[in-house]
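To keep things clear, I will list the structure first and then write my remarks on it.
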There are 2 protein chains.
Amino acid sequence: MHMVKKDVMTDIRAENDHIAAHVNGYLSDKGVFTVNLMGAPGAGKTTTLENLIRRLAVKCYVVEGDIESDIDTERLRGQGVTASQINTFGACHLDAPLLHNAVHAMTFAEPGILFVENVGNLVCPAEFSIGEDIKLLQVSVADGSDKPYKYPLAFEKADAILLSKIDLTPYLNFDEEFFMKGVRHLNPNAPVFKVCGVTGEGYDAAAAWLMDRSGK
Amino acid sequence: MHMVKKDVMTDIRAENDHIAAHVNGYLSDKGVFTVNLMGAPGAGKTTTLENLIRRLAVKCYVVEGDIESDIDTERLRGQGVTASQINTFGACHLDAPLLHNAVHAMTFAEPGILFVENVGNLVCPAEFSIGEDIKLLQVSVADGSDKPYKYPLAFEKADAILLSKIDLTPYLNFDEEFFMKGVRHLNPNAPVFKVCGVTGEGYDAAAAWLMDRSGK
């Protein structure tokens, strides 16, 4: 978070959490389970959506959060996915009011799973609930094994973690033991799925976990 | 930036810019040229510092900005570099007051170059001057070629850009032409140095540019 006076941030958070509860209630009533997908820029979040959606036997909806551009939304639409774009124009994370507006402009004709791809940022998205049921954190082996130590909140709050780009491991000095030690210190229970967006490796297990967790 | 009321943000920025000018004046008086090194988590910023510092024929100082941990500071100190740590404990970027405190606790016995490694974040650090002379942006090929389109401000404000981890290019679908088109749309003139932290490729040119630009 920016270093804004404490009472201002407290007001912002209270208002955000109020709207988040409303968004979650609205989506739950329609039978929609909501996933807040977070991760650093370039972790491969959109590739994860492609891989998960083709493995899920339920209707999937996507909201893409970006500061600018609709590259990822167009990419997903090109594959027949129902996708909607939020542009934050400077803001470094999604918040509940932004998702509220996006969700009320969408049609949820059948129950399913809504994926909200947050702005690429390993810091701020973890601080704000947007009305999701679970938070999914994606981190790439190319980002280095020290990430849990430097960006603890995202790891602490994650319901599941995707460790992506594992096909690059032979070309990197990624220390998986050090990484997992950092993860487990912050988050003893979240499953960690090792995935590769190119080959699809690991996404069967992640999709199965998600189906189970969503109750779909 | 978080979606804080506009007048609050205006106050924060004015106060920040006032302190930034003071920090810059203080360092300039000591003959210290200050570089604000920005980039996403895992772009390889600390590896860049190692590579640049060993090529620069002037005294180098480092301030490491992290939310938590002092992994990078210890790493640089182990190599004999004069390094100091700022922990933001939640804040997603450095600001001028934080650098002000760090700088006044340091001794600048001789002129040289101060590198300030910002918090790993491709969004917020670009919004705040910390009293630097130039902004250096690092982005890795593993992050993907669409980054200028999604995170324009950092590219727009950069005085030079380091495109890192180019040794991974054969294993990725990095589209350099698309990347450079995005960069040049935002920033027609900043030099772009293609670098590899492992082999040191490209850092001679970056260090030469920096010596020239700093007037050292």
Notebook entry, point to check: In region B:135-158, which residue that is under 12 Å from the mean Cα position of the chain (by Cα) and of a type in the set (Lys, Arg) is farthest from the other protein chains (Cβ to nearest Cβ)?
Noted result: B:LYS135
Notebook entry, point to check: So B:THR169 clears everything in (1) in contact with a strand residue (DSSP E or B) (Cβ under 6 Å, 6 or more places away or on another chain); (2) assigned to a helix (DSSP H, G or I) except one condition, right? Which one?
Noted result: (1)
Next item on the list: Given the conditions (1) hydroxyl-bearing (Ser, Thr, Tyr); (2) closer than 15 Å to B:LEU37 by Cα; (3) surrounded by fewer than 17 Cβ atoms within 10 Å (Cβ to Cβ), report the number of the one that B:THR169 does not fulfil.
Entry: (2)
Next item on the list: Name every residue in region A:93-119 that is within 14 Å of chain B (Cβ to nearest Cβ) and out of contact with any Pro (no Cβ under 8 Å at 6 or more places or on another chain), in order of residue number.
Entry: A:ASP95, A:ALA96, A:PRO97, A:LEU98, A:LEU99, A:HIS100, A:ASN101, A:GLU117
Checklist line | Residues of region A:35-46 that turn out to be more than 16 Å from A:GLN85 (Cα to Cα) and more than 14 Å from chain B (Cβ to nearest Cβ), as a count | finding: 0
Check: Is there a residue being touching a Phe, Trp or Tyr at 6+ places or on another chain (Cβ under 9 Å), closer than 19 Å to A:ALA205 by Cα, assigned to a loop (DSSP other than H, G, I, E, B) and touching a residue at least 24 places away in the same chain (Cβ under 8 Å) anywhere in region A:58-66?
Finding: yes
Checklist line | B:GLY44 being on the phi > 0 side of the Ramachandran plot, surrounded by 21 or more Cβ atoms within 10 Å (Cβ to Cβ) and either at pLDDT 95 or above or of a type in the set (S, T, N, Q) (or both) | finding: yes
Next item on the list: Within region B:13-22, identify whether any single residue is closer than 30 Å to B:LEU168 by Cα, among the small types (Gly, Ala, Ser) and more than 15 Å from the chain's Cα centre (by Cα), and answer yes or no.
Entry: no
Margin query: So, A:GLU15, is that one closer than 21 Å to A:ASN121 by Cα and within 14 Å of chain B (Cβ to nearest Cβ) or not?
Written below: no
Notebook entry, point to check: Just wondering, is there one or more residues in region B:182-189 that are within 13 Å of another protein chain (Cβ to nearest Cβ), out of contact with any Pro (no Cβ under 6 Å at 6 or more places or on another chain) and not hydroxyl-bearing (Ser, Thr, Tyr)?
Noted result: yes
Next item on the list: For region A:51-65, state whether one or more residues are under 28 Å from B:MET9 (Cβ atoms) and within 14 Å of another protein chain (Cβ to nearest Cβ).
Entry: yes
Check: Looking at A:ILE67, is it surrounded by 18 or more Cβ atoms within 10 Å (Cβ to Cβ) and touching a Cys at 6+ places or on another chain (Cβ under 8 Å)?
Finding: yes
Check: Only one of these conditions is not met by A:ILE161: (1) more than 24 Å from B:PRO125 (Cβ to Cβ); (2) within 14 Å of chain B (Cβ to nearest Cβ); (3) in contact with a Pro (Cβ under 8 Å, 6 or more places away or on another chain). Which number is it?
Finding: (2)
Margin query: Condition check: more than 22 Å from B:ASN118 (Cα to Cα), crowded, with 24+ Cβ neighbours inside 10 Å and either facing chain B (nearest Cβ under 10 Å) or at pLDDT 95 or above (or both). Does A:LEU122 satisfy that?
Written below: no
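Residue-wise test of (1) at pLDDT 95 or above; (2) surrounded by 18 or more Cβ atoms within 10 Å (Cβ to Cβ); (3) over 12 Å from the mean Cα position of the chain (by Cα).
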site	(1), (2), (3)
B:THR88	no, yes, yes
B:ALA91	no, yes, yes
B:LEU99	yes, yes, yes
B:HIS104	no, no, yes
B:PHE108	yes, no, yes
B:ILE113	yes, yes, yes
B:SER129	yes, yes, no
B:ASP133	yes, yes, no
Margin query: Among the residues of region A:67-82, are any in contact (Cβ under 8 Å) with a residue 60 or more places away in the chain, closer than 24 Å to B:TYR151 by Cα and not in a loop (DSSP other than H, G, I, E, B)?
Written below: no
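The values are calculated or read from the model by the stated rules, or taken from the named source; none is laboratory data. All figures in this text were calculated on a predicted structure; none of them were measured in a lab. All Cβ positions, even for glycine, are placed from backbone atoms using ideal geometry, and neighbour counts span all protein chains on display.
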